[in-house]
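**Q** This structure is in structure tokens; I'll ask about it shortly.
The values are calculated or read from the model by the stated rules, or taken from the named source; none is laboratory data. Predicted model only: the values in this text are computed from it and were never measured. Cβ placement follows ideal geometry from the backbone for every residue including glycine, while neighbour counts extend to all protein chains displayed.
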Amino acid sequence: MHPEKHLKAATTDLAPTKYLMEINFQLADCRNLKALIYQGTAKNRYRLDWTGETLLLHVPRGTAVSTVEKILHRHRRWIHNRLSKTVPIVQNFEQNHKIEKAMLSPDPIFLDGTPYSLLWEESDQTAIVIGHKNRLLLLKSTQEIKTHFPVIITQWAIRRFLDKIRDILLFWKEVLALCPQRVFIRPTRSQWGSMSRNQNMSLSWHLSGFEEKTLRYIVLHELAHIPFPNHSHRFWAMVRKHMPDCQEAKRDLRNFYPSPSWLDPFNGKRQSLELPEWNGKFR
Ligand SMILES: [Zn+2]
């Protein structure tokens, strides 16, 4: 199987996939390359694909790590050739014509469980555009504003996450007639979420890269702790009643969707952010 063919196919065939792991791979010239491994939808096929300078490899379910390494080794020449001509020109970016763009960050940003490359394009007006088709996050701005991209993208990412959480809370409020008093986002790694005795909900910032279904499960789980503080039979009965396929979301929580180190609204500190205007809405 010729990987170039698969690269071509990949731009038109972006089936939803599951992130499995990250592998560091050494090229012939001793450069290290990061490869993100996904579980693809095809049964016996694998697919190589790129997002910026990050290699993506889609493998069938249950593929061994040793097999992944063999695949990468077999295609090392192609990977090397492709990397040595990394010109940040992206075709078919929504409008179907060539635009030259600068890559802002070598690490992808995860949105809804999918990695997006962060690019910049010169413009008088500041805007952030998501290109779902080519998995690109485009910052349009002046050269001056471009230098502040970590702040701009971080503010945008936290707002997007808070909006999503608010939508999910409103959805479950309709269904369950339950809602927390206050909602906090914290940079916790040990816990995805919690519900305090006075019904304040905390959610981890590290959930921001996950897909909506997983967030929906976390919020449901914490809301179910309002009537049932422990993980009792009745607690799980309530969760399963409203989300019969919650196992899938629970499995997804074992994945890791890493953010670039600069994408941190907490600047490495142990602070919290409160979901704004939540109190006023329900009192
Ligand atoms: Zn719990």
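**Q** So, in region 191-217, of the ones that are among the charged types (D, E, K, R) and in contact (Cβ under 8 Å) with a residue 60 or more places away in the chain, which residue ends up nearest to Tyr116 (Cα to Cα)?
**A** Step one: of region 191-217, the residues among the charged types (D, E, K, R) are 197, 211-213, 216.
Those left that are additionally in contact (Cβ under 8 Å) with a residue 60 or more places away in the chain: 211-212.
Values: Glu211: 13, Glu212: 16 Å.
That would be Glu211.
**Q** Which number in (1) away from the ligand (no atom under 16 Å from the Cβ); (2) in the same structural domain as Leu263 (by TED's automatic domain parsing) marks the one condition that Trp172 misses?
**A** It fails just one condition, (1).
**Q** Name the single residue, out of those in region 22-61 being assigned to a strand (DSSP E or B) and of a type in the set (Lys, Arg), that is modelled with the highest pLDDT. Give the derivation first.
**A** Of region 22-61, the ones assigned to a strand (DSSP E or B) are 22-26, 32-39, 47-51, 54-59.
Pick out the ones that are also of a type in the set (Lys, Arg) and you get 34, 47.
Values: Lys34: 78, Arg47: 81.
Checked region 22-61; the qualifying residue modelled with the highest pLDDT is Arg47.
**Q** So, Arg166, is that one out of contact with any Lys or Arg (no Cβ under 8 Å at 6 or more places or on another chain) and surrounded by 18 or more Cβ atoms within 10 Å (Cβ to Cβ) or not?
**A** Here the answer is no, as Arg166 does not meet what is asked.
**Q** Hey, can you tell me all the residues within region 238-259 that are modelled with pLDDT under 90, part of a loop (DSSP other than H, G, I, E, B) and surrounded by 11 or more Cβ atoms within 10 Å (Cβ to Cβ)?
**A** Selection gives Leu253, Asn255, Phe256, Tyr257, Pro258, Ser259.
**Q** Also, I was wondering about something else. Out of everything in region 130-181 that is touching a Ser or Thr at 6+ places or on another chain (Cβ under 6 Å) and within 30 Å of Met243 (Cα to Cα), what residue ends up being modelled with the lowest pLDDT?
**A** Initially, region 130-181 is screened for residues touching a Ser or Thr at 6+ places or on another chain (Cβ under 6 Å), giving 135-136, 140-141, 145, 161.
Still in the list and also within 30 Å of Met243 (Cα to Cα): 135, 161.
On the way: Arg135: 87, Phe161: 95.
Here the residue is Arg135.
**Q** Additional query: With respect to the numbered conditions (1) modelled with pLDDT of 95 or more; (2) within 11 Å of the ligand (Cβ to nearest atom); (3) in a loop (DSSP other than H, G, I, E, B), which one is the sole condition not fulfilled by Phe235?
**A** (3)
**Q** Which residues, counting only those in region 190-232, are among the aromatic types (Phe, Trp, Tyr) and either within 21 Å of the chain's Cα centre (by Cα) or away from the ligand (no atom under 15 Å from the Cβ) (or both)? Break it down into steps so the answer makes sense when it comes.
**A** From region 190-232, those among the aromatic types (Phe, Trp, Tyr) are 192, 205, 210, 217, 228; that's our starting set.
Passing the criteria: Trp192, Trp205, Phe210, Tyr217.
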